[in-house]
Amino acid sequence: MSNSTYLCLRAVFLVCFIHLLIQGLSADANVVQSPRNRLEPNLTGLPIVTFEWHHVQTPYLVIIWIFVAALAKLSVIELNHHVTSVIPESGMLIIVGFILGGMVWGADKAQTFKLLPTTFFFYLLPQIILDASYFMPNKLFFSNLGAILIYAIFGTCWNAATVGLSLWGCYEAGAMGNLDIGLLQFLLFGSLISAVDPVAVIAVFEEVHVNEVLFILVFGESLLNDGVTVVLYNVFDAFVALGGPRIDATEIFKGIFSFVVVAFGGSFLGVVFAILLSLLTRCTKHIQIIEAGFVFVMGYLAYLTAEMLSLSAILSITFCGVCCQKYVNSNMDEKSVTTVRHAMKVLANGSETMIFLFLGITAIDTEIWVWNTGFILLTLLFMFIYRIIGVFLFTWMLNKFRLVPIEVIDQVVMSYGGLRGAVAYGLAAMLDKEKIPEKNLMISTTLIVVYFTVIIQGITMKPLVQWLKVKRAAHSDLKLVEKVNNRAFDHILAAVEDICGRIGDNWWTRGWNRFEEKYICRILMKPKVRKNKDYLFNIFHKLNLEDAMNYVSEGERQGSLAFIRSDEAANIDFKKQYDSEFADVMPDIMGDMSNYEFGIENVSITSIVKDTIPSISRDIHGQDRKNAVDDINAHHLLQQHLYRSRKHHRHKYSRSHFGINQSEYEVQEIFQRTMRSRLESFKSAKMGVNPAKKITKHHKKDLTHQMSNGHPEGKDHLYGDEAGIENPAFMPDMESPTHSPPWLMETEMDMAVAPSQRAQRRLPWTPNRMRRLAPMRISTCSTDSFLMADVSLTLEEHEEQPQGDNEEM
Amino acid sequence: MGSTSSTLLKIPNVEELVQETGFSPAHIIRLYDRFKVLDKEGRGHLCPKDFGAIKELAMNPIRDRIISAFFSPGKETVDFYTFVKIMAHFRPVDKDRPKDPNSPEPINSRSNKLKFAFQLYDQDKDGKISRDELLKVLRDMLGMQVTEEQLESIADRTIQEADLDRDDAISFEEFRKSLEKVNIDHKMSIRFLR
């Protein structure tokens, strides 16, 4: 494949370039810093241009490394796309780090660029944690908080204790040879190696899509266990400094007490900063351009303040992000919200890349490597075993209290997903060489553990997850009827869950919600925002915005926005979306699917084609091809268009994209359809659906209120010349179906029928304004389908209307 | 939380419910609390309006069918007993239940779950899903962009796959057979109702 050889060439070129660059830089980096005075004393003539390397050295190196990291990420992703996606990105970055480290070492014979703990903890880690917490699915997080805390606190303590003690036991038994080490140091080592690392967890789990509860358990644990890790580390560090004999009961109690202070203090500090941040964003109406900066500044402040007070910094920034999300997102201008989201992703991505890269580079350093087979292997072994035991033990205890028990398969994945990462390395590198002579051994072991978990466990995680779920039917074999029914079951289940109200956690959530509504929102949110918090209206507003954007982008693709005026369905060029290879081979499908839309997730046709037709070639008998094509058509249609159930709106945490609710148009359609059916049932069955009606009016009113400056006149044009205020219901000879989607007409008529008291007071009500209700997108494509599907319905409405109206008005 | 026994006493026919549905008394109490929350006017039974007030339900495309499944044909209210019995369909299957051929099948058995789903499709209750009924269901569940012809071709194809006796309708047996590979126990169970 020429594509990949091209990539390989590109990669090689990059590598050589970087090698030269680094050689040059590192040679100069060793130059002693000359005095600031530029001009040398023995100057012979006027220098026109001088090479001022030392002048820019530090920032230049920083920027170059950031650049190198970005290039590395680029090549890794390209590699993943085209060659293999077996190794997770983080693993590949480490390998690239090895290569780069080798180059630097080759140039310098010493590792000049290492991952320093201060750099890591102050400049690289905070943004990752802030990103994770800002995008944390709060509802899921808090509903599983109990389990998360149990794993984080007791699980980490268990891991630390058992690993430390077992290693000590093995040392005493002589398995490690001669080391200058004691029990306390083993415990210290145990505590730093037992922390599950959030960076690694995100990096690996992002590519493996497990169910949301499992993900939040592992991820939440990795975030919250920092409180424990910091405490254990500091406590044992202090104990090592104090020495064995001076440790008595008071010291131990102080240790336990310090845990409480550190953990809760850190969280409390985070909440304080979240409140400050929300208040700030509440007042920034006039300087919206710098609003976005506040989020980062306050988040970082939370982190540093906690560090300063020796509290848990990660907990602080976590709770800051978690608590401020909601208020900040509603207070800030939409553009600021977008800015914050994108900027955070950029920063977090960049930091993560650099961390893994440097983890690789740091390895290529002869100074730090001390190999002790027993120590290293035993660490790996114990870490693994005790993780499994710990997870199963705590889950068994938890399942007695949980409403939704955690399954065995999930437990297996959880224990396998206890990944260690850069935090462990950072802590190891911070050890004091004086107090802990075996520091290098610990660093080496930590590095090996990190590589093992990130690379090897990362590679095998996906196959493991897939293998464990072997009972699920293979996707390609599903017949149409199964697909339809599967989706129907999902909807049924979602509905019944809603009816049941998710019994059990209701009391707390309802109580909290009420408290929050009354007090917190009043303080922290802008007054205007509070009024508009109506749930359905917000969705509607968002959907209309998205519509507008899609409309414009489609218009641009079509050449101009004039396409909307044509009566034909918008023909979308299919070839652009899929590989042109298939366009050649399957011309029939292309023709049929021309009604397809922008805005749909890119379900690749290859997934369906490959499964149903193994090898397509032009020699296939025409008949077979036609049948196959129909089949593919139907499957593809279902795949694209079945409404997604709530289960499918997964809270996927991902570093690289935000698709939280990509199918919002579905929500909109469902919403409109249910509104329509409610109106129908109101008319025909006379069931007391009054509240529903009020809701309808309320939304549409708010909407027109908002949109009234926008479109009504323009819309009129498109839909033909309807008279201004006349009630269309009383114009039975209207040719309306051909000019506007029938359901628009329908809703208008209904609105005109019996506005409630409240409705009448609000707005002068004209049918024109209502027209903006349905999004333009739906009206532009496949208008034919509407006509056919709904024209019978509309005709019935027309007939029913006059009688209904006479009674009610 | 109060004393559970007093709440238990308030609920009529508790032992019968426990016996028939297999719910534990704790679950019945929770369902009762939920029932009372839904029944805003405190009349002791629910009507479709109460279901309609559930906000999240508005986003569900087959909402109306499910709501009407709660109401027996002709009745416009559902009392707590029926509510619980219908919820019992969604209880996870008891895997280690002794297979007693004489006792009636529990409400949450696989085939009863399937029957519940079948009734959602079969609105006219003739024991078969006709092509029109299938079309209606598909129309509910598919987006607006799907044209009529496409819809009909999907419906035809679906019937073709499932219909074994070629009567252009899907009977319950054919329905069950077509779904034998699907893990109904998992798909139609709410875990917290165990």
Looking at the stretch A:61-74, can you tell me whether even one residue there is closer than 30 Å to A:T395 by Cα and either surrounded by 20 or more Cβ atoms within 10 Å (Cβ to Cβ) or more than 20 Å from the chain's Cα centre (by Cα) (or both)?
no
How many residues does the stretch B:51-68 contain that are surrounded by fewer than 20 Cβ atoms within 10 Å (Cβ to Cβ) and either more than 7 Å from chain A (Cβ to nearest Cβ) or part of a loop (DSSP other than H, G, I, E, B) (or both)?
3
Would you mind finding the one in B:E173, B:E161, B:E180 that is without any contact (Cβ under 8 Å) to a residue 60 or more places away in the chain, among the charged types (D, E, K, R) and touching a Lys or Arg at 6+ places or on another chain (Cβ under 6 Å)?
B:E161
Looking at A:I385, A:I389, A:I456, which is the one that is in a helix (DSSP H, G or I), modelled with pLDDT of 85 or more, in contact with a Gly (Cβ under 9 Å, 6 or more places away or on another chain) and loosely packed, with under 15 Cβ neighbours inside 10 Å?
A:I456
A:K114 fails exactly one of (1) free of Cβ contacts under 8 Å to residues at least 12 places away in the same chain; (2) farther than 30 Å from A:W512 by Cα, namely (1)
Across the stretch B:139-170, what is the number of residues that are part of a helix (DSSP H, G or I), facing chain A (nearest Cβ under 7 Å) and not basic (K, R)?
8
When the residues of the stretch B:35-49 are narrowed to those that are in a helix (DSSP H, G or I) and surrounded by fewer than 20 Cβ atoms within 10 Å (Cβ to Cβ), which ends up nearest to the other protein chains (Cβ to nearest Cβ)?
B:K49
I'd like the residue in the stretch A:276-303 that is part of a helix (DSSP H, G or I) and in contact (Cβ under 8 Å) with a residue 60 or more places away in the chain and, out of all such residues, is farthest from A:F264 (Cα to Cα).
A:R282
Looking at (1) within 12 Å of another protein chain (Cβ to nearest Cβ); (2) crowded, with 17+ Cβ neighbours inside 10 Å; (3) polar (S, T, N, Q), which is the one condition that is false for B:N183?
(2)
Would you point out the residue of the stretch B:121-132, among those that are surrounded by 19 or more Cβ atoms within 10 Å (Cβ to Cβ) and not aromatic (F, W, Y), that is nearest to the other protein chains (Cβ to nearest Cβ)?
B:I129
Just to be sure I understand, how many residues within the stretch A:82-104 are surrounded by fewer than 19 Cβ atoms within 10 Å (Cβ to Cβ) and farther than 16 Å from A:F356 by Cα?
5
Report the residue count in the stretch A:351-380 for those that are of a type outside the set (S, T, Y) and outside any helix (DSSP H, G or I).
8
Members of the stretch A:166-222 that are touching a helix residue (DSSP H, G or I) at 6+ places or on another chain (Cβ under 8 Å), part of a loop (DSSP other than H, G, I, E, B) and either hydroxyl-bearing (S, T, Y) or surrounded by fewer than 24 Cβ atoms within 10 Å (Cβ to Cβ) (or both):
A:A175, A:M176, A:G177, A:L179, A:I181, A:G182, A:S194, A:E207, A:V208, A:V210, A:N211
Among the residues in the stretch B:81-88, are any more than 12 Å from the chain's Cα centre (by Cα) and either modelled with pLDDT of 80 or more or part of a loop (DSSP other than H, G, I, E, B) (or both)?
yes
Flag if A:R341 is basic (K, R), farther than 30 Å from A:A173 by Cβ and modelled with pLDDT of 90 or more
yes
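The values are calculated or read from the model by the stated rules, or taken from the named source; none is laboratory data. For clarity, every value in this text was computed on a predicted model and none was experimentally measured. Here the Cβ is made from the backbone with ideal geometry for all residues, glycine too, and neighbour counts use every protein chain on show.
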